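The structure under discussion appears below in the form of structure tokens.
Read the figures in this text as sums done on the coordinates, not as results from a lab. Keep in mind the model is a prediction, meaning the values are calculated, not measured. Glycine also receives a Cβ, built like all others from the backbone with ideal geometry; neighbour counts cover every protein chain displayed.
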């Protein structure tokens, strides 16, 4: 073997070992994140968010205004669970971000029965 071959083997071993250690650290961080308080708080937000969605679905149509109101309410729910106060300025910034994202979405109303029927057809249920 030439010196170049030994150098390639050494570099490959070093890169492989570094990659293995990095992947183990990444996996450990992901497992810790899912097992930690953050995930428990996020999961505890789900029932409150479902209640808000059910309120909007009562008439069978979710309008663009309801979607924006839900987004702002969702931010409030998450902030409350994380014990984080949203100031007036922060609320305005979040509202602007939501408006900008909403402009990229379709403007038509979402008809809940139509969506459910389409899902049944696609799933085959």
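Laid out as a table, the results:
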quantity: Kirkwood hydrodynamic radius of segment 65-124, from inverse mean 1/r over distinct Cα pairs, in Å; calculated: 13.7
quantity: Convex hull volume per residue in cubic angstrom - Cα atoms of segment 1-44; calculated: 45
quantity: Burial order of peptide ranges 75-86, 40-51 (average beta-carbon count within 10 Å, highest first); calculated: 75-86, 40-51
quantity: Overall dimensions of segment 8-109 by Cα: Rg and Dmax, Å; calculated: 21.0, 67
quantity: Computed [θ] at 222 nm, helices only, for the chain once each DSSP H run of length n ≥ 4 contributes -39500 (n - 2.57); calculated: -27500 deg cm²/dmol
